[in-house]
Amino acid sequence: MSHSDETARHEEVAPEQGAGDTWSEADTAAVEAEAQAGANGTTSTPDAPEPGGSAAPGEPIGDDPATVLARQRDEYLQALQRTQADFENYRKRIARLQEEQAARASSDLVHKILPVLDTLDLALAHQSEAGADSDDAKALAAARGQLLDVLGKEGLERVDEAGVPFDPSVHDAVAHTDGEEGSGEVVIDSVLRSGYRWRGQVVRPAMVSVRG
C-alpha cells in the first residue's frame, strides 16, 4: 500500500468536523470511558428512591386525617361506654350490699326485741289468768299492741295461730297429744311461745303442741 492510499483510509475513518468544531483530548477520553463502562456491563442510572422515603408530591401519606379522627372517636366512645357500664355495675353492687347490710342490721334488732315481746306476752297472760282488770293491765295490753303494730308495719309477722295444720318451716313441735281416730292430719293444739317472720323470712319458729 502506497503512502497516498494510507492517507485516504485515515481520512475516511476520522469523524467529520464542521466548521468551528474541535475534537480535543478530553472528548476522546470521555468516549473511551463510556466505551469501557459499556464493556464492563455498568451503566449510569439515576438513584431510585429508598423504600419508606418521602412520597412524591401529590401522593397520600398514610391514612386520611378524617379516617384517623373517626377511628380515635370510636375508640374513645367504646372506652367511655365500658367505663359507664363498669360504674353502673359498681353502683348496683354497692346498692345491693347496702340493702343486705340494712336487712341484717334490722334482723339483728328484731332478734333482740323478741325477748321483750315474750316478756310482754307472759305478763299479759298472767294478768288474764288472775282476772285482773286494772289500769296497769290495760296499759300493758295497749303498749304491747302498739309495739306489735309498729313492728308489723316494718315487716314483722307473728305466728301464734292454733288449729292450723302443722308446718315444720314455722312450727317447732315440743309436745304431742292424740287426736281423733281416723284423722291423719296433724294440727296445732296450742302455742307455747309465738314465732315470728321478718319480711317473709322465719326468724324464730313457734313453739307448739300438736294433735293428731
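Could you pull out the residue among Glu157, Glu161, Glu129 that is of a type in the set (Asp, Glu) and in contact with a Phe, Trp or Tyr (Cβ under 9 Å, 6 or more places away or on another chain)?
Checking each option against the conditions leaves just Glu157.
Looking at the range 111-125, is at least one residue assigned to a helix (DSSP H, G or I), under 24 Å from Glu100 (Cα atoms), charged (D, E, K, R) and at pLDDT 90 or above?
yes
The values are calculated or read from the model by the stated rules, or taken from the named source; none is laboratory data. Predicted model only: the values in this text are computed from it and were never measured. In this analysis, Cβ positions are derived from the backbone assuming ideal geometry, glycine residues included, and neighbour counts consider all displayed protein chains.
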